[in-house]
Amino acid sequence: MAEKRQFQAIKGVRDILPPESALWNRVEQTAREVFGTFGFSEIRLPIFEQTELFARSVGQETDIVSKEMYTFVDRSLDVPPDPKIGEFPGYVQAIERLMESGSIPNDETNRGTLKFVKDWVQELFPFGEKTVEEYAEKLLHLSYAINDFQLGDRVSMRPEATASVVRAYIQHGMQTLPGNVKLYYMGPMFRRERPQKGRYRQFYQIGAEALGPSDAPGIDAEVIEMLLAFFERLKLKGAVLHINSIGDKNCRPAYVERLRAELQVVREQLGADSQRRIETNPLRVLDSKLEHEQGIIEKLPRIADHLCAECRAHYDEVKRQLGLRGITYQKNWRLVRGLDYYMRTTFEITAPGLGSQNAVCGGGRYDGLVELLGGPATTKGIGFAIGTDRLVLSLQESGAGEVAGGPARPAGGLDVYLAWFGAAAQPAAVGLARRLRDAGFVVELPAVEMKFGKSLGLADRLKARHAVILGEDELAAGVVAVKRLADGTQQKLAESELFSYLRAAPAASD
Ligand code: ATP
Ligand code: MG
């Protein structure tokens, strides 16, 4: 008999259970409604993409790509099953053919493996006089080498979705659509991070992207306005908008060099991460949360003093456009974002109740990304991604996480427990349950007949608002008995009266 075993969700991933899932639905539904009024439509994207897509866009040197992605080698369906020893020569021939036809990668790694493996196969096969034992060690090495073949594309679970949106924009030729292409998405993302409050390995984002020929600062401001309108509709309290401009390819490289030079001077006083970033990504040092680095970072050169005229004008106009929308913000020169594709406007929204993981949303402009991924150089873009887990957490912490399930009931609340007694009552109960549900009431119908006391006891424990009782007497009289469980009042009603009675009943939350 198989060993008894209980399974647990993998570290860093979690189940979202009722009643919390109702809050998630409300959040997502509100996003659909608010974003819809700004002319955004939903795009549904694949969960995995070619690894190369993220490496190119998010950036090879970022934490996300260098260590956080869940990456695996796919296996082409044309690859034969793993070979037994005697099948090695035939298997290697099959692999060579698949490389030639492009079904599996014909890259340097696979070509190297192929050459090595073919030499060994030639030396060892056929066995002839010798026995398998005499070759044992060499065959073991050969089987390891055969394992090195990359039997399909390298793919990754998406760590974010902007790259996918841009890939889809290019793939479907959306640059020919009129005006700005405005898309939103929602769903899970995957990053191998150290799990803690507000930080998971499977987490969720709601994001939006505006792509098109214009980079007008009014677009930046409107995207931010939409985001804040969404938070307002949810009654999120204490959200703070932080903004910055990180320049473009004309002015940022010079600033980054200057920053790097200054960082070299203070190198010895910095922690290991920041020391490494001096070479790989100096801007990210500004993002450091290490206590002892704060004083050093405050004295570093600031990008705002090194923007080119165009970037400065763009940033000034973004701020003016935010102002005319009545949006208040904090300028934060250290807001750089951890992804390579951002330029000019960057922004972040923090919310209370989240501890050190207090960013609920990050976003910015990424004008070069479409071109970088093979699309038209004329397409500009800006977008944001909200961390849904953190948004929900903040709503719950501030008491804005209650969900009413509609005009007449709290979420998950049960309007009617339909207790039936006697075999003849069951078909009538099934029919009535269906008519009640069609009318929008939440109904629990016992699947098997129960004793009266037990049935009504369950109705209580399920916190039903009403027990509707249908026994053979009621059936004969063409009525049902309705008991209001809050105060025990009971009366007999015809079906038509039952519906209006239930509709008029005050909601449990009132
Ligand atoms: P952080 O600085 O918190 O690591 P980030 O800069 O990596 O965030 P982005 O890649 O910009 O985050 O993603 C946008 C939003 O997604 C973040 O503001 C955050 O709310 C959320 N987020 C990012 N990583 C996680 C995670 N591992 N778990 C939960 N939410 C996350
Ligand atoms: Mg992060």
Which shape class, rounded, prolate or oblate, goes with the chain when its Cα gyration tensor gives a ≥ b ≥ c as root eigenvalues, a/c under 1.5 marks rounded, and past that a/b bigger than b/c marks prolate? oblate
Roughly what would the spin-label model give for residue 333 and residue 93, points 7 Å off Cα along C-beta, in nm? 7.0
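With a sphere of radius 12 Å drawn around the Cβ of residue 321, what net charge do the other residues whose Cβ falls strictly inside it have (Lys, Arg +1; Asp, Glu -1)?
Details: positive: 319, 320, 325; negative: 220, 222, 225, 316, 317.
It works out to a net charge of -2.
Provide the net charge surrounding residue 425, with neighbours chosen by a C-beta distance below 11 Å and charges set as Lys +1, Arg +1, Asp -1, Glu -1. Working shown, then result.
Values: positive: none; negative: 449, 472, 473, 474.
For residues surrounding residue 425, the net value is -4.
When a/c is below 1.5 the answer is rounded, else prolate if a/b is larger than b/c, else oblate, so apply that to segment 64-223 with a ≥ b ≥ c taken from the square roots of the Cα gyration tensor eigenvalues. List each step's numbers first, then the result.
Numbers: a/c = 4.47, a/b = 2.44, b/c = 1.84.
Prolate.
Counting DSSP beta bridges with both partners in the chain, what percentage is antiparallel, nearest 5?
Values: 51 of 63 bridges.
The answer is about 80 percent antiparallel.
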Which order, highest average first, do 431-444, 6-19 follow once you tally other Cβ atoms within 10 Å for each residue and take the mean per peptide? 431-444, 6-19
Cβ-Cβ FRET estimate between residue 435 and residue 357, R0 fixed at 41 Å, reported to 0.05: 0.25
³J(HN,Hα), Karplus 6.51/-1.76/1.60, whole Hz, each residue of segment 81-97, x for Gly, Pro: x, 3, x, 7, 3, x, 8, 3, x, x, 5, 5, 4, 4, 4, 4, 4
On Cα atoms only, tilt of 425-438 relative to the major axis of the chain in degrees: 60
Taking amide H positions as placed 1.01 Å from N in the peptide plane, with prolines and chain starts having none, which residues 5 or more places from residue 42, or on another chain, fall under 5 Å of its amide H? 184
Under the Karplus curve 6.51 cos²θ - 1.76 cosθ + 1.60, θ = phi - 60°, whole-Hz ³J(HN,Hα) for segment 444-453, x wherever Gly or Pro sits: 10, 10, x, 7, 10, 5, 10, 5, 3, x
Here the cysteines of the chain lacking a cysteine partner under 4.7 Å (Cβ to Cβ) are 311, 361
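Can you tell me which of 208-219, 155-166, 492-503 comes out highest on packing, and rank the rest after it, using the mean Cβ neighbours within 10 Å? Please list the in-between numbers first.
On the way: 208-219: 20.0, 155-166: 23.2, 492-503: 14.5.
Per-residue mean Cβ counts within 10 Å order the peptides as 155-166, 208-219, 492-503.
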Taking a straight Cα-to-Cα line shorter than 25 Å from residue 380, and setting aside same-chain lysines fewer than 8 residues away, one finds 182, 249, 319, 331
Using 7 Å Cα-to-Cβ label points, what is the residue 11/residue 250 separation (nm, one decimal)? 4.9
For the pair residue 176/residue 48, report the inter-label distance in nm, with labels modelled 7 Å from Cα in the Cβ direction. 3.2
Potential extension, residue 266-residue 111 segment - 0.36 nm per residue separation minus Cα distance: 51.2 nm
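Ignoring ligands, DNA and RNA, what accessible area per residue does the chain give at 1.4 Å, in Å²?
Values: 26270 Å² over 510 residues.
That works out to 52 Å² per residue.
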Which percent of the accessible heavy-atom area of the chain goes to carbon and sulfur, probe 1.4 angstrom? 51
The alpha-carbon center of segment 18-55 and that of segment 251-274 are separated, in whole Å, by 37
Residue by residue, what Karplus-based ³J(HN,Hα) values in Hz, rounded to whole numbers, does segment 12-26 have, using 6.51, -1.76 and 1.60 with θ = phi - 60° and x for Gly and Pro? x, 10, 8, 9, 9, 9, x, x, 4, 4, 5, 5, 4, 4, 5
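The values are calculated or read from the model by the stated rules, or taken from the named source; none is laboratory data. The shown structure was predicted, so the numbers you read here are calculated from the model rather than taken from an experiment. FYI the Cβ positions are ideal-geometry reconstructions off the backbone, even for glycines, and counts take in every protein chain you see. These area figures cover heavy atoms from the full protein model, side chains too; ligands, DNA and RNA do not enter into them. Shrake-Rupley method; radii C 1.70, N 1.55, O 1.52, S 1.80 Å.
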